[in-house]
1. From the set of residues in segment B:234-251 that are closer than 10 Å to B:Gln16 by Cβ and either surrounded by 20 or more Cβ atoms within 10 Å (Cβ to Cβ) or within 11 Å of chain A (Cβ to nearest Cβ) (or both), which is modelled with the lowest pLDDT?
2. Among the numbered criteria (1) part of a loop (DSSP other than H, G, I, E, B); (2) free of Cβ contacts under 8 Å to residues at least 12 places away in the same chain; (3) within 14 Å of another protein chain (Cβ to nearest Cβ), which one does A:Val19 miss?
3. Please work out if B:Gln63 is within 25 Å of B:Phe180 (Cα to Cα), of a type outside the set (Val, Ile, Thr) and either surrounded by fewer than 17 Cβ atoms within 10 Å (Cβ to Cβ) or not assigned by TED's automatic domain parsing to the domain that holds B:Cys34 (or both).
4. Where the second residue is among the basic types (Lys, Arg) and within 11 Å of ligand 2 (Cβ to nearest atom) and the first is more than 19 Å from B:Tyr209 (Cβ to Cβ) and lies in segment B:238-253, which pairs have Cβ atoms under 7 Å and are six or more apart or on separate chains?
5. Considering only helices (runs of 4 or more DSSP H) fully contained in segment A:49-148, which possess at least 2 residues that are under 13 Å from the mean Cα position of the chain (by Cα)?
6. If you scan segment B:215-233, which residues turn out to be surrounded by fewer than 22 Cβ atoms within 10 Å (Cβ to Cβ) and away from ligand 2 (no atom under 12 Å from the Cβ)?
7. Modelled with pLDDT under 70, within 16 Å of ligand 1 (Cβ to nearest atom) and surrounded by fewer than 20 Cβ atoms within 10 Å (Cβ to Cβ), is that true of B:Glu263?
8. Please verify whether B:Asp192 is within 16 Å of ligand 2 (Cβ to nearest atom), of a type in the set (D, E, K, R) and either within 17 Å of B:Arg29 (Cα to Cα) or at pLDDT 90 or above (or both), treating the condition exactly as stated.
Amino acid sequence: MITPRIKKETERLSTDPIVGIYATPDETNFRHFHVQISGPADTPYNGGLFKAELFLPDEYPMVPPKVLFRTKIFHPNIDKLGRICLDILKKNWSPALQIRAVLVSIQSLLSDANLDDPLDEEVAELFKTDPEAAEEKARQWTLDYANE
Amino acid sequence: MGNRGTTNANSKRVQQEDVPVLKSHNNLRRDSLCLKKIRGSPGDVYSLNFVFSCTFDCIITIQLCASEFRSAEKDAPTLYFYTPPELENGSFQYKFSKGAIHEFPEKAFTLDFNKYDLEDMTTYKEDEYCPIVITIENQGRNIPQVYRHKCLMLILTKNSRGEYNILIKKQCLLFDKNIFKIEDIYGFEKQDDTGDFGDESTKECIICYTNTKNTVVYPCRHICLCNSCTQVVRMQNSKCPICRLEAEKFITVEIDKQDAEEEVNLYS
Ligand SMILES: [Zn+2]
Ligand SMILES: [Zn+2]
């Protein structure tokens, strides 16, 4: 049974969508959302459409949603398996936050990578030592993988 | 309900208590309280202004440099304040008839800072001394026996530009042979400036989005949870969902659903 909270959050995502983010619930599982995030302007991800999956565990909202990137992305806080390093998805989660807040935070992570807490050391290293090369690579990946 | 928690060495659970919410018949709007400099007056003369509502006719008394006394008499404990008799304008009374929004008349009560010692006006000693006390006392018939009066204890502050400001240090209520200290709780604030209270969501528990919130997290005093979600938070991490501060205790208040949008004060 869908909980009133998940129902309300789902409704609000469709009636009051977030600019640049599309989240649609799976037809068979209300705890599973198919997400698409458009790459923010002024970033190497601009023009790309990044797919992700969002799952709400049974204990939600006492535990955070789980989010995985499905589109390959060259980003210091997102690894090859699509895992995202974001504080509110871990220790800074609070049940006062919502799916919305998570999606917005992921969107802003694309604009503002956190190089101090990288998930992929190699990627972070390149962003630190040669930001131009890193951005060029991120742009190329966006063209290659996020361009549908 | 009935699920009072206990604290013991083996348990990380945080205490939960139930307290009633008393309805106050007088409300002085905190954000309306201010001092206005009177132009053209010699020296530092300020007018004390505030907006206020009362369910009964009442008398407002303003006292300066007041010493606090509490009688410990068992059946009739009281709280009163003494003002030094030689102090000019030290005690002042004003009558109000019942009404929703009263503005305390401009210049009805003025403070001339040349006449007082700044230190006397800016220091506060709990249970002993208070620079400014406003007492609101209900008058007339049909007043519930249990309800008596409310005191606001104020101090002044002076900023670097030499402007005076006024701060509420403490509020007390005499109710049914008890003196209660009033504490504000956070979570029923107006959502916008239209004068309406926010939509349903300000009353709803922020976790289940279903039940009415009725539990205050201490020490941060955020009201955001319902009873059953409080149980879950207590079991899990006992942090306030709003500010993430470690909770010391949870206090469930009885909130009249229809009144939930009114200013809610918690008394303890
Ligand atoms: Zn709840
Ligand atoms: Zn809090």
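The values are calculated or read from the model by the stated rules, or taken from the named source; none is laboratory data. Source: prediction; values computed, not measured. Please note: Cβ atoms are built from the backbone with ideal geometry, for glycine as well, and neighbour counts cover all protein chains shown.
1. In this case the residue turns out to be B:Ile251.
2. Answer for A:Val19: the failing condition is (3).
3. Here the answer is no, as B:Gln63 does not meet what is asked.
4. B:Leu245/B:Lys239; B:Glu246/B:Lys239; B:Ala247/B:Lys239
5. Hits in segment A:49-148: A:99-111.
6. B:Cys226, B:Asn227, B:Ser228, B:Gln231, B:Val232
7. In short, no.
8. So B:Asp192 fails the test.
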